[in-house]
């Protein structure tokens, strides 16, 4: 595998990992913080719906992170 291809794979994995962190922070943690402070539109959500949305975003983030790890795992070959 060429050095350029290796670097492109690393950049792609880094992008996916950054998106994973953003998904977890913006989609999972921000609504919970908004509810705890009573700001924004989040207080109109029921606790069940808020937990469901948070779990969905956490799952998206975990999936993106695992995809990044799979891409980097391909560098061993």
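Out of 31, 43, I need the residue that is in contact with a helix residue (DSSP H, G or I) (Cβ under 7 Å, 6 or more places away or on another chain), in a helix (DSSP H, G or I), more than 27 Å from residue 12 (Cα to Cα) and at pLDDT below 75. Which one? Give the derivation first.
Details: 31 fails: at pLDDT below 75.
From the options 31, 43, the qualifying one is 43.
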| note | Among the residues of the range 1-50, the number that are in contact (Cβ under 8 Å) with a residue 12 or more places away in the chain and over 22 Å from the mean Cα position of the chain (by Cα) is 2
| What pairs can you find where one residue is in the range 52-77 and on the phi > 0 side of the Ramachandran plot, the other is at pLDDT below 90, and their Cβ atoms are less than 7 Å apart, with a gap of 6+ or different chains? | none
| note | residue 1 vs (1) outside any helix (DSSP H, G or I); (2) surrounded by 12 or more Cβ atoms within 10 Å (Cβ to Cβ): all pass except (2)
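The values are calculated or read from the model by the stated rules, or taken from the named source; none is laboratory data. Computed from a predicted structure; not experimentally measured. No Cβ is skipped: glycine too gets one built from the backbone with ideal geometry, and neighbour counts run over all protein chains shown.
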